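Right, one structure below, let's go through it.
The values are calculated or read from the model by the stated rules, or taken from the named source; none is laboratory data. None of these values were measured; they are calculated from a predicted model. Virtual Cβ from ideal backbone geometry, glycine too; neighbours counted across all protein chains shown. For accessibility, only protein heavy atoms count, side chains too; no ligands or nucleic acids. Shrake-Rupley method; radii C 1.70, N 1.55, O 1.52, S 1.80 Å.
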Amino acid sequence: IVTATKGATTNYKVATNFKEFTFIMLPKVALKETSISVCSNEEINLSEYVNEHSGTIKWYSDSEYNTEITELIFTPNPQTYYVKATNGECAPATAALDVSVTQVPSKPTFDPIPAKCDSYTLPTEDKKGLPIKWYETIESVTPLSDNTTVTATGTYYAEGVNGNCVSDSRTAVE
């Protein structure tokens, strides 16, 4: 007679008429991604990057696995974070997540826009030379096309851009 029961730590106990054996599952850890890029104002949740694992997993901020990360939701620094899966006396399984951080641009600034009677082409950079996107309203989600020419008087809104990161607020320009 052979009976097998799964233990709380993914170990299996097998009993026969002759002897009882415990099989310890080897730890494993696989990440959904090994490299991510986030904006400097974004939080990450390290738990969300683990695709599958067995055993107990812990995250670390150093490759020697000395400094454990206990708060898994945080605003990251640009560095590599390390995860280790352990199960009993078996050799641990490890993986690394490289995190790059893009600085969120500041709110765009402009020199006064000259009064125009006819039309005006919205600039693609602010006075510091930083890229911008223009919007018809403060709530718009779709930017205007580059080199948009406006003919009507009104207010337009500029947003600083750095890669996939945008400024926290928009500048109103009349």
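Rolling a 1.4 Å probe over the heavy atoms of the protein chains gives region 85-156 an accessible area of 64 Å² per residue.
Of the trypsin sites (Lys or Arg not before Pro) found in region 104-174, the ones in coil according to DSSP and having at most 10 other Cβ atoms within 10 Å of their Cβ are 127.
Straight-distance candidates among the aspartates and glutamates for linking to residue 84, with alpha-carbon spacing under 14 Å and chain neighbours fewer than 8 residues away dropped: 52, 62, 64, 68. About the centre of its Cα atoms, region 37-146 shows a dipole size close to 260 debye [charges on the beta carbon of Lys, Arg (+1) and Asp, Glu (-1) only; nearest 20 debye].
Less than 5 angstrom separates the built amide H of residue 37 from those of 100, all sequence-distant by 5 or more or on a different chain. Shown in residue order for region 81-93 are the 3J(HN,Hα) couplings computed by the Karplus curve 6.51 cos²θ - 1.76 cosθ + 1.60 at θ = phi - 60°: 10, 10, 10, 10, 9, 10, 7, x, 8, 5, 4, x, 9 Hz (x for Gly and Pro). Karplus-derived 3J(HN,Hα) values for region 53-70, using 6.51 cos²θ - 1.76 cosθ + 1.60 with θ = phi - 60°, are 7, 9, x, 9, 10, 9, 9, 9, 9, 9, 6, 8, 6, 9, 10, 6, 9, 9 Hz; glycine and proline are entered as x. Of the heavy-atom accessible surface of region 121-163 (probe 1.4 angstrom), what whole percent is carbon and sulfur? The value for region 121-163 is 48 percent carbon and sulfur by accessible area.
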